[in-house]
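The values are calculated or read from the model by the stated rules, or taken from the named source; none is laboratory data. This one's a predicted model, so the numbers in the text were calculated from it and none came from an experiment. Cβ coordinates were reconstructed from backbone atoms using ideal geometry, including for glycine residues, and neighbour counts include every protein chain displayed. Surface accessibility is based on the protein's heavy atoms, side chains included, excluding ligands, DNA and RNA. Shrake-Rupley method; radii C 1.70, N 1.55, O 1.52, S 1.80 Å.
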Amino acid sequence: MTVLKTRGLVPLAALLVLLSASPALADATVFVGNTSTPTNRVAKGFALGVGLLIVGFEFEYSSTSEDASEAAPSLRTGMGNVLVQTPGAIMGLQPYFTTGVGMFRERLDDIQETNVGFNTGGGVKVSLLGPVRARIDYRVFRLSGDPLHETVHRLYAGLNLRF
């Protein structure tokens with residue numbers, strides 16, 4: 001009789017776990033910032049992500065302008081990233097660490113390199129009003145192949161909408 005009672009509890013426990021699990025939350029960010037390698041240039045882009053409590057995933061696209069007078073190439077990146085973040089905001093701040101891989105295209109005049117790139121960084125999402133947050137992010141990109149600059153640094157600020 002004890003076996004029958006235990007078997008009945010397993011589906012009930014599974015149902016309770018499913019009903020109490022928090023749904024995945026998504027967010028979108030638009031940003032503008034600075035790529036500082038080899039000189040300061042404007043970087044802009046967007047990110048779309050989904051978070052599962054502590055672990056999140058995002059796709060990010062970024063474009064940095066070329067400055068031919070300073071021999072600074074344009075850089076476009078499309079990266080898939082994994083984020084490790086606090087489960088929620090702490091005093092209005094949600095810090096995170098991120099790393100990812102994707103594609104890049106670096107171009108200066110007639111010189112061009114398209115290859116795989118890696119990024120590592122972190123930042124913070126700052127609660128503003130309801131689902132709207134500010135996002136501040138720093139990344140280091142490692143570009144493979146034969147780019148003009150193998151390591152690129154970027155800092156940005158953006159608006160983030162949680163939905």
Next item on the list: Would you please name the residue that is nearest to Ala157 (Cα to Cα), looking only at residues in region 53-70 that are open to solvent by 50 Å² or more (accessible area, probe 1.4 Å) and not aromatic (Phe, Trp, Tyr)?
Entry: Ser65
Notebook entry, point to check: What is the residue count in region 127-156 for residues that are over 24 Å from Arg105 (Cβ atoms), touching a Lys or Arg at 6+ places or on another chain (Cβ under 7 Å), assigned to a strand (DSSP E or B) and of a type outside the set (S, T, N, Q)?
Noted result: 2
Item checked: Complete set of residues in region 47-72 that are farther than 15 Å from Val101 by Cα and either touching a residue at least 60 places away in the same chain (Cβ under 8 Å) or assigned to a loop (DSSP other than H, G, I, E, B) (or both) -> Leu53, Ile54, Thr64, Ser65, Glu66, Ala71
Notebook entry, point to check: From Gly100, Gly92, Gly145, Gly121, which residue is buried (at least 18 other Cβ atoms within 10 Å of the Cβ), without any contact (Cβ under 8 Å) to a residue 40 or more places away in the chain and not aromatic (Phe, Trp, Tyr)?
Noted result: Gly121
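Answer with yes or no whether Val30 is open to solvent by less than 80 Å² (accessible area, probe 1.4 Å) and either of a type in the set (D, E, K, R) or over 10 Å from the mean Cα position of the chain (by Cα) (or both). Walk me through it before giving the result.
Numbers: open to solvent by less than 80 Å² (accessible area, probe 1.4 Å): no; either of a type in the set (D, E, K, R) or over 10 Å from the mean Cα position of the chain (by Cα) (or both): yes.
In short, no.
Kindly provide the set of residues from region 127-140 that are of a type in the set (A, V, I, L, M), within 15 Å of the chain's Cα centre (by Cα) and within 12 Å of Asn160 (Cβ to Cβ), ordered by number. Walk me through how you get there before you give the answer.
If we filter region 127-140 for residues that are of a type in the set (A, V, I, L, M), which is where we start, we get 128-129, 132, 134, 136, 140.
Restricting the remaining residues to those that are within 15 Å of the chain's Cα centre (by Cα) gives 134, 136, 140.
Listed by number, the residues that qualify are Ala134, Ile136.
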Margin query: So, Leu75, is that one open to solvent by less than 60 Å² (accessible area, probe 1.4 Å), closer than 18 Å to Ser36 by Cβ, touching a Phe, Trp or Tyr at 6+ places or on another chain (Cβ under 9 Å) and part of a strand (DSSP E or B) or not?
Written below: yes
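In a strand (DSSP E or B), of a type in the set (A, V, I, L, M, F, W, C) and either in contact with an Asp or Glu (Cβ under 9 Å, 6 or more places away or on another chain) or surrounded by 14 or more Cβ atoms within 10 Å (Cβ to Cβ) (or both): is that true of Val84 in this structure?
Working: in a strand (DSSP E or B): yes; of a type in the set (A, V, I, L, M, F, W, C): yes; either in contact with an Asp or Glu (Cβ under 9 Å, 6 or more places away or on another chain) or surrounded by 14 or more Cβ atoms within 10 Å (Cβ to Cβ) (or both): no.
Here the answer is no, as Val84 does not meet what is asked.
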